[in-house]
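Remarks on the structure that follows.
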Amino acid sequence: MSDTALPHAHHAPEPILDAGQRRNILIAMCLGLMAVIASVSGLNVAQTQLALDLDLSQSTILWIINAYTLALAALLMPIGAIGDRYGRRPVLLTGLILFFLATLGAAFAQSGAAMIAARALAGVGAAMIMPVTLSVITSSFPEEDRGRAIGIWAGVAGSGGIVGLLVSAFMVDIFTWRWLYILPVVLVIAAFAIAFKSVPNSREESDSPFDIIGSVTSFLSIGGLVLGIHEGPERGWSDSLTLLGLVVGIVSLIAFIIWELRTEAPLLDVRTFSNRYLATGSVTLMLLFGVLFGIFLVLFPFFQAVLGFSALRSAACLLPLALVMMPLSTIAPRIRQRIGTRTIIMVGLATVAAGLAIMAIFASAETGYLSVLPGLLVLGVGMGLTMTPSTEAITSSLPADKQGVASALNDTVREVGSALGVALLGSILNSSYRSNVDQATAGLPEPAAQAVESGIGGALMVASQMGEQGQALAIAAKDAFVSGWTQSMWIGMGIVLIGFAFALIRGPRAEDTLAEESVSA
């Protein structure tokens, strides 16, 4: 049997839904997903306004951003399992309501504490929405249409952050930071209206008890790891909070694995990672989203500080990536059927690596945006080819009664990968920048030198106060940043090639399909 055939014997009997209802379900799920994804990236463009308006420290700003991601990532697996067990529709609708109320609370918050609380609550709502959107799709669409529906979902998941950045930058530039929540609010209202009418309730019957210990250890492991990874670059890797998060995460992960191997009704049977589809899909998505969000982190200051673009123009510069990625995500299932899961993932990863290499080689402050555009387009092609087959590989590897868990696993590896990518590529950029800008700080007063070494924003501020002498400092800072940015692209390419090697060695092969179906049954 060819590896073009995904293991699909574990899906429940397909519900009888007409084409119009399935279309409405897909629209509602994509709108809900877009609201969640857009809220992850939206606040990044409003940090300065938020700090000035509410008189907040940079540490508080980071907690406002990270509270949402932390709650979302930590709760994905338990809530995905709850949806499987007790009904996906009520979990989805409750999550949409909670997300709506929390987002309104954030929009009207008058203090940092209120903002952090509202964002954490929105993260809980997002964790109720995100895994259910995919599990509703996999349980609602017949096999012949499922791949295309998952492709559209994957395209929204990949491009939603870019759309969120663009709309948020527009709202911040034209109005104030409070208006950046208008997009998630509108999207979640529309998603609720359509879902309430069109989404049937689906759940899987099970006589086994709910895995409470697995849920708690999953929450602590993912929450601890994401907390440590987020705080490390800011506080330092030896900081007590960073170490606490990492220790709790690692210990809880070990406890989770031990418990899941021993219990008769595991939240996630970790033995299924011997399935080549599940393993390859999980590793690929983690590395892809690590690189993607790491690139977002380093591209924005390149556009704004080095090229002098506004936040809105910087966000618009990422649109070509989304415009290439979304349609390719939709047609990727048809390509997979022709050439196989392993082949399309390897081709996609090789293309992503080529896009990163093109940007690393040609990026320069002198050539501007045109020096990174070709690499962005190639990157979009690779992402579009890879995301949908990887998502399909995960959801088709677990049985029907675990589709919420499968969807949550898909989302969890994305979130953990994103946190790792931001931490790693951001740290590489900052370290390389500081080492390359050292010579330019010679002769500067200590406060000015520290500001220059803190980042390119500080360097340009110091340069603007030095008159004609500041021009040389600004050029040196931009060159140092581009050097660090280039190094982060090469590291990103190396990460993607690790995924390529994994797919080459452990990717699904023709002889694995039948055997692995029995493993995951």
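Check off (1) more than 30 Å from residue 376 (Cβ to Cβ); (2) outside any loop (DSSP other than H, G, I, E, B); (3) open to solvent by less than 10 Å² (accessible area, probe 1.4 Å) for residue 253 and give me the number that stays unchecked.
(3)
Can you tell me which residue in the stretch 256-274 is surrounded by the most Cβ atoms within 10 Å (Cβ to Cβ), limited to those that are touching a Leu at 6+ places or on another chain (Cβ under 9 Å) and outside any helix (DSSP H, G or I)?
Selected residue: 268.
With surrounded by fewer than 24 Cβ atoms within 10 Å (Cβ to Cβ) and under 19 Å from residue 44 (Cβ atoms) as the only criterion, which of 350, 311 stands out?
311
Can residue 119 be described as over 16 Å from the mean Cα position of the chain (by Cα), of a type in the set (Lys, Arg), under 20 Å from residue 195 (Cβ atoms) and assigned to a helix (DSSP H, G or I)?
no
Which helices (runs of 4 or more DSSP H) does the stretch 413-521 wholly contain that include 1 or more residues that are within 26 Å of residue 396 (Cβ to Cβ) and modelled with pLDDT of 80 or more?
Answer list for the stretch 413-521: 470-506.
Condition check: out of contact with any strand residue (DSSP E or B) (no Cβ under 8 Å at 6 or more places or on another chain), hydrophobic (A, V, I, L, M, F, W, C), open to solvent by 30 Å² or more (accessible area, probe 1.4 Å) and farther than 16 Å from residue 117 by Cα. Does residue 97 satisfy that?
So residue 97 passes the test.
Inspect all residues belonging to the stretch 177-189 and state whether any of them is out of contact with any Pro (no Cβ under 9 Å at 6 or more places or on another chain), at pLDDT below 80, buried (at least 21 other Cβ atoms within 10 Å of the Cβ) and within 30 Å of residue 376 (Cβ to Cβ).
Scanning the stretch 177-189 turns up no residue that is out of contact with any Pro (no Cβ under 9 Å at 6 or more places or on another chain), at pLDDT below 80, buried (at least 21 other Cβ atoms within 10 Å of the Cβ) and within 30 Å of residue 376 (Cβ to Cβ).
Could you identify the single residue in 146, 88 that is on the phi < 0 side of the Ramachandran plot, open to solvent by less than 10 Å² (accessible area, probe 1.4 Å) and among the charged types (D, E, K, R)?
Being on the phi < 0 side of the Ramachandran plot, open to solvent by less than 10 Å² (accessible area, probe 1.4 Å) and among the charged types (D, E, K, R) holds for just one of 146, 88, which is 88.
Is there any pair linking a residue in the stretch 356-382 that is in contact (Cβ under 8 Å) with a residue 60 or more places away in the chain to one that is charged (D, E, K, R) and open to solvent by 30 Å² or more (accessible area, probe 1.4 Å), with Cβ under 6 Å and at least six apart or on different chains, and which?
Cβ pairs passing all conditions: 365/478.
Quick one: which residue in 343, 330, 367, 412 is buried (at least 24 other Cβ atoms within 10 Å of the Cβ) and among the hydroxyl-bearing types (Ser, Thr, Tyr)?
Result: 412 is the single residue among 343, 330, 367, 412 that is buried (at least 24 other Cβ atoms within 10 Å of the Cβ) and among the hydroxyl-bearing types (Ser, Thr, Tyr).
Just give me the residues in the stretch 298-318 being of a type in the set (A, V, I, L, M, F, W, C) and over 20 Å from residue 362 (Cβ atoms), in sequence order.
Of everything in the stretch 298-318, those that are of a type in the set (A, V, I, L, M, F, W, C) and over 20 Å from residue 362 (Cβ atoms) turn out to be 311, 312, 315, 316.
Taking only pairs six or more apart or across chains, which ones have beta-carbon atoms under 8 Å, a first residue in the stretch 269-295 that is free of Cβ contacts under 8 Å to residues at least 40 places away in the same chain and farther than 17 Å from residue 504 by Cβ, and a second residue that is in a helix (DSSP H, G or I) and open to solvent by 40 Å² or more (accessible area, probe 1.4 Å)?
So the pair list comes out as 270/257; 270/261.
Just need a number here: residues in the stretch 433-449 that are among the hydroxyl-bearing types (Ser, Thr, Tyr) and buried (at least 20 other Cβ atoms within 10 Å of the Cβ).
Total meeting the criteria: 2.
Being closer than 23 Å to residue 94 by Cα, within 18 Å of the chain's Cα centre (by Cα) and hydrophobic (A, V, I, L, M, F, W, C) is the filter here; which residues of the stretch 155-187 pass it?
Those that are closer than 23 Å to residue 94 by Cα, within 18 Å of the chain's Cα centre (by Cα) and hydrophobic (A, V, I, L, M, F, W, C): 156, 157.
The values are calculated or read from the model by the stated rules, or taken from the named source; none is laboratory data. Just so we're clear, the structure is a prediction, and the values are computed from it rather than from any experiment. Neighbour counts are summed over all protein chains in view; Cβ atoms, including those assigned to glycine, are modelled from backbone coordinates with ideal geometry. Side chains included, ligands, DNA and RNA excluded: accessible areas come from the protein's heavy atoms. Shrake-Rupley method; radii C 1.70, N 1.55, O 1.52, S 1.80 Å.
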